[in-house]
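Please read the structure below before turning to the comments.
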Amino acid sequence: MDKLDNIDRNILRTLQRDAHLTTKELAAAVNLSPSPVFERQKRLEREGYIQKYVAVVDAKKVGNGFIVLCNIRLKQHSKDNGRQFMAAINELEEVTECYNTSGDYDFMMKLYVRDMAHYQDFVLNTLGEIECIGSLHSIFVIGEVKNSHAVPITLP
């Protein structure tokens, strides 16, 4: 694993707050000249520390502000069922995050839909078509307390 110095970590933290910064603005934020900052940023991209740049869209403004956390239990634990489920979930726009978990459920998903009717349709007509799903448990988000896309930068 490569070592990150304080400047690399500051570049990553700064870009997580605002990836839209120009090289000049980023350089000023980390107290370095633009040329070395540009080279460091390109190295961080090349080495996979920076995976991609995205725009964070307001879900409510685009009509999908109803957030559901959905826990899934497979009918049976098998390699084929796991692969089938993961392949199907990766095709669903509503699902923004999905984690293979330990405990009572096999997977936990975060999804955005318009409203309860949209979620009901999604469960019946989309998840209902995934044959390896044994059961699901839905948790409806009442209010968002924190939604950060920033990852803690702790590598030495």
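Residue 60 falls short of the stated requirement of being over 21 Å from residue 146 (Cβ atoms) and assigned to a loop (DSSP other than H, G, I, E, B).
Of the residues making up region 71-97, those that are open to solvent by less than 50 Å² (accessible area, probe 1.4 Å) and closer than 15 Å to residue 137 by Cβ number 3. Could you tell me whether any residue of region 18-32 is over 15 Å from residue 153 (Cβ atoms) and of a type in the set (Lys, Arg)? Looking for residues that are over 15 Å from residue 153 (Cβ atoms) and of a type in the set (Lys, Arg), one finds at least one in region 18-32, hence yes. Does residue 118 satisfy the condition of being more than 30 Å from residue 7 (Cβ to Cβ) and not in a helix (DSSP H, G or I)? So residue 118 fails the test.
Out of 68, 62, 113, which single residue is closer than 17 Å to residue 141 by Cβ, without any contact (Cβ under 8 Å) to a residue 60 or more places away in the chain and touching a helix residue (DSSP H, G or I) at 6+ places or on another chain (Cβ under 7 Å)?
On the way: 68 fails: without any contact (Cβ under 8 Å) to a residue 60 or more places away in the chain; 62 fails: touching a helix residue (DSSP H, G or I) at 6+ places or on another chain (Cβ under 7 Å).
After ruling out the rest, the residue left standing is 113.
The set of residues in region 40-60 that are over 22 Å from the mean Cα position of the chain (by Cα) and open to solvent by 60 Å² or more (accessible area, probe 1.4 Å) contains only 42.
Could you grab me the full set of residues in region 1-39 that are open to solvent by less than 50 Å² (accessible area, probe 1.4 Å) and charged (D, E, K, R)? Answer for region 1-39, where residues must be open to solvent by less than 50 Å² (accessible area, probe 1.4 Å) and charged (D, E, K, R): 8, 9.
Would region 79-101 turn up any residue that is outside any helix (DSSP H, G or I), among the polar types (S, T, N, Q) and more than 19 Å from the chain's Cα centre (by Cα)? No, because not a single residue in region 79-101 is outside any helix (DSSP H, G or I), among the polar types (S, T, N, Q) and more than 19 Å from the chain's Cα centre (by Cα). Within region 99-135, the set of residues being open to solvent by 50 Å² or more (accessible area, probe 1.4 Å) and under 23 Å from residue 60 (Cβ atoms) comprises 108, 114, 115, 116, 117, 120, 121.
The values are calculated or read from the model by the stated rules, or taken from the named source; none is laboratory data. The shown structure was predicted, so the numbers you read here are calculated from the model rather than taken from an experiment. Note: ideal-geometry Cβ built from the backbone for every residue, glycine included; neighbour counts use all protein chains shown. All accessible areas refer to the heavy atoms of the entire protein, side chains included, with ligands and DNA or RNA removed. Shrake-Rupley method; radii C 1.70, N 1.55, O 1.52, S 1.80 Å.
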